[in-house]
Amino acid sequence: MLPLSPKRFVCLSAGIFLAALSFPSWADDTAPASQAAQSDYTLVPNIGVASQYRYRGLMQSAGYPAVSGGLDFTHKSGFYLGNWDSTIRWLGNSNGQISAPVETDFYGGYKNSINSDWSYDLGVLRYQYFGNYPSGTVSPNTTELYGALTYKSLTFKYSYATSNLFGAANSQHSQYFDLSDNYDTGVWGLTVNSHIGYQYVRNVGGGSYLDWKLGATKDMGQGWSAALAYVQTNARHTVYTSPQGQYMGGAAVIASITKTF
């Protein structure tokens, strides 16, 4: 498979956007009978743009804007599958011989409610970086198992790497602990987003760190939402500074806009 260039990815995302405009609302009770038979599941595309892409507090797009897009399939039983993609720069910045400008995520799992307040989510996530790599490169492709428990707006999620973690040698069995709250204020469509996480990186001295976020998301209706967030980490400069001298874990304010169809 040929790696996607940023230009090709933007074209692909635009294609998802245009195709989604013609998607039927399969969960709509008013849909024609021919569509009602398919109401056991939903297929929902999304597309977004952000002032930069951060993951677990670390720069993925080297501080530049990022374009993303995805597709989520959900069955009424609770099983789901999905794909999400974003433009990135961190791999090319780490080694000029690497050509991998897009992160491609595949995930699937099962989620359900225990009662009106409690729910859970179990699944697997594959981070795939299609591209060209010089000989001897530790693959950045990563597989994680995860489990999450939610009480009202508060979620605790645990992720366990069954592979090396994002190209760190001998880092299998690394773990990530994530405590997040997404509180719907009930005012002006605003949700307050807060998060603290701890990334444990096995066999990498000084590689473990904390990250945190505080922000808000505005529901603008018709599937549109906008978000603004402050993010920061305590990641060590000696470990998380790129060859260009850019610290990947510094504080940043990130703006984004997303359309879900």
Quick test for you: out of Ile196, Ile257, pick the one residue that is under 17 Å from the mean Cα position of the chain (by Cα), touching a residue at least 40 places away in the same chain (Cβ under 8 Å) and either over 25 Å from Ile88 (Cβ atoms) or open to solvent by 50 Å² or more (accessible area, probe 1.4 Å) (or both).
Ile257
Kindly list, by first and then second residue, each pair from a residue in region 38-55 that is among the small types (Gly, Ala, Ser) to a residue that is surrounded by 20 or more Cβ atoms within 10 Å (Cβ to Cβ) and in a loop (DSSP other than H, G, I, E, B), limited to pairs with Cβ atoms under 9 Å and residues at least 6 apart or on different chains.
Ala50/Ser61
What is the one condition in (1) touching a residue at least 12 places away in the same chain (Cβ under 8 Å); (2) β-branched (Val, Ile, Thr); (3) open to solvent by 40 Å² or more (accessible area, probe 1.4 Å) that Thr185 does not satisfy?
(1)
Any chance region 85-104 includes a residue that's more than 24 Å from Ser51 (Cβ to Cβ) and touching a Ser or Thr at 6+ places or on another chain (Cβ under 6 Å)?
no
Take Thr74 and decide whether it is modelled with pLDDT of 95 or more and either more than 16 Å from the chain's Cα centre (by Cα) or under 21 Å from Leu145 (Cβ atoms) (or both).
yes
Being more than 30 Å from Leu228 (Cβ to Cβ), touching a Gly at 6+ places or on another chain (Cβ under 8 Å) and of a type outside the set (Val, Ile, Thr) is true for just one of Ser116, Ser135, Ser139. Which residue is that?
Ser139
If Gln232 satisfies all but one of (1) under 16 Å from the mean Cα position of the chain (by Cα); (2) touching a residue at least 40 places away in the same chain (Cβ under 8 Å); (3) open to solvent by 30 Å² or more (accessible area, probe 1.4 Å), what's the number of the condition it fails?
(1)
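In the list Tyr127, Tyr176, which residue meets the criterion of being touching a Ser or Thr at 6+ places or on another chain (Cβ under 6 Å), in contact (Cβ under 8 Å) with a residue 60 or more places away in the chain and either on the phi > 0 side of the Ramachandran plot or not basic (Lys, Arg) (or both)? Show your work before the answer.
On the way: Tyr127 fails: in contact (Cβ under 8 Å) with a residue 60 or more places away in the chain.
None of the others qualify; the one that does is Tyr176.
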Being surrounded by 18 or more Cβ atoms within 10 Å (Cβ to Cβ), within 19 Å of the chain's Cα centre (by Cα) and either basic (Lys, Arg) or more than 22 Å from Thr74 (Cα to Cα) (or both) is the filter here, so list the residues in region 153-171 that pass it.
Ala161, Asn164, Leu165, Phe166, Gly167
Considering only region 36-69, how many residues are open to solvent by less than 40 Å² (accessible area, probe 1.4 Å), of a type in the set (Gly, Ala, Ser) and either more than 22 Å from Leu214 (Cα to Cα) or outside any strand (DSSP E or B) (or both)?
5
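The values are calculated or read from the model by the stated rules, or taken from the named source; none is laboratory data. The structure displayed is predicted, hence computed values, not measured ones. Glycine gets a Cβ as well: all are built from the backbone with ideal geometry, and neighbour counts include every protein chain shown. In case anyone asks, the SASA skips ligands and DNA or RNA and just uses the protein heavy atoms, side chains included. Shrake-Rupley method; radii C 1.70, N 1.55, O 1.52, S 1.80 Å.
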